[in-house]
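Here is the structure we will look at.
The values are calculated or read from the model by the stated rules, or taken from the named source; none is laboratory data. If you're wondering where the values come from, they're calculated on a predicted model, not measured in any experiment. All Cβ positions, even for glycine, are placed from backbone atoms using ideal geometry, and neighbour counts span all protein chains on display.
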Amino acid sequence: MVGSAVGDALGAPFEFGAAGVFSARFAEPGYGGEMCGGGGWEPGEATDDTQMAVCVAESLLERGGLDLPDVFARFQRWAAADPKDIGLQTEDVLTNGLPWDGAAAEHFRTHHRAAGNGALMRAATSGVYFAGRGRAATMAAGRRLAALTHGDPAAWEGTAIFHELLRVALNGADPFAAVPDALAAAHPDHRGRYATVLAPDWHPEQATEFNGAVWPCLGSAVWAVRTTGSYEEAVRASIDLGGDTDTVAAVTGALAGAVHGIDAVPARWTGPLHVPLPGSGTRVLRLVDLLTLAGRLAGSPENGRP
Ligand SMILES: [Mg+2]
C-alpha cells in the first residue's frame, strides 16, 4: 500500500509526459528532490489512485468485508468533493445517477470502451485485505471491485490477475512464477491478451494501446518489477515509460512493495508522502496512517489471518 502511494505521488507530476523525462531530470538515483511535485501536485501528494484505494480500505474495515454498495457510496462522496483528479470514465459512472450495480454497465453499454486502468490503480488495499484468503477469493473480489466503475470485463480480469500477483508476493512467493496459474484462473475470453503483456519477453514498447488502458498498464508494472532489482529501480523505470505515469507507478509500486518490502521504499520518498481525502473532512493520511491501515487490513479477522 505504501509502495503504491509513493509511486502515485512520485509519478503524478510527470503524467502525460514523454518517456525518459524522470531519469533525465533525476539522473542520479538517491538524489533527494525526486518527490518534486508539479502539475498541480504538492511534493509527496498522492492522487486519485491512492485516495480511492483508501475509500476501499476503510469500507472493508468498517463493513467487515466486501460491501459493494458501501464502496460505491464512498466513491461517490469522494467524487462529489471535487478531487484534484478523477478518471473521465470513473467520474461519469459515479455521477450518472444510476445505482451501484448499474452505473458502470450502462456506461459500457453506451460508450463501448471501458477498459481503462482506473480499477487496477486502486487495488493495493483490497489486494492486502484479500491476500490471506486464497486465489479464488482474491480474484473474485478484484473483479467485483473493478466492476463498480468499469463495465468492461477486461478491466475486471486485469484487476483479478493483479490481486492474485499481490497475494502471491505478500505471502512471500514469486509472483512472476505465478503468472501462468493466474492466467489459467482468468476468464478465457481475456486470457490471451493478458498472456501477451505478462510474457517474460514483453516490453512496454510493444503495447498496442496507451498505458491508460488496463492491459499495457498491468504489463508495464509487471515488466518494471521483473526487470529490476529494487523497489526504487522498478518505480523509476515505470515513470520513465511516460504517459499515465501516476497510475503505472502506483500499480508498479504496489507490486514492487509487495516483492521487496517496506524497508525497500526510500525514506526520502515516504517522508513527504501524504494522502488528502476529499469528501472525508480535512483528513490527510501520512506514512504512519497508511502503515496502520495496512496492518488492520492484513490482520483483520475477516480475512482469515490471526
Ligand atoms: Mg491519479
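Which one is farthest from the ligand (Cβ to nearest atom) among residues in segment 250-275 that are farther than 17 Å from A169 by Cβ and in contact with a helix residue (DSSP H, G or I) (Cβ under 7 Å, 6 or more places away or on another chain)? Residue satisfying both the conditions and the ranking: P266. Name the residues in segment 182-197 that are touching an Asp or Glu at 6+ places or on another chain (Cβ under 8 Å), assigned to a helix (DSSP H, G or I) and under 19 Å from A258 (Cβ atoms), would you? Matches in segment 182-197: A182, Y194.
Listed by first and then second residue, the pairs linking a residue in segment 31-53 that is within 21 Å of R122 (Cα to Cα) and in a helix (DSSP H, G or I) to a residue that is within 11 Å of the ligand (Cβ to nearest atom) and acidic (D, E), with Cβ atoms under 8 Å apart and 6 or more places separating them unless they lie on different chains, are D48/D85; D49/D8; D49/D246; T50/D8.
Taking the listed residues G261, G257, G281, the one that is at positive phi and under 17 Å from the mean Cα position of the chain (by Cα) is G261, with no other qualifying. Any chance segment 36-55 includes a residue that's under 24 Å from R74 (Cβ atoms), buried (at least 22 other Cβ atoms within 10 Å of the Cβ), at pLDDT 95 or above and more than 16 Å from the ligand (Cβ to nearest atom)? No - not one qualifying residue is present in segment 36-55. Residues that are crowded, with 24+ Cβ neighbours inside 10 Å and within 21 Å of L293 (Cβ to Cβ): does segment 13-34 have at least one? No, the conditions are met nowhere in segment 13-34.
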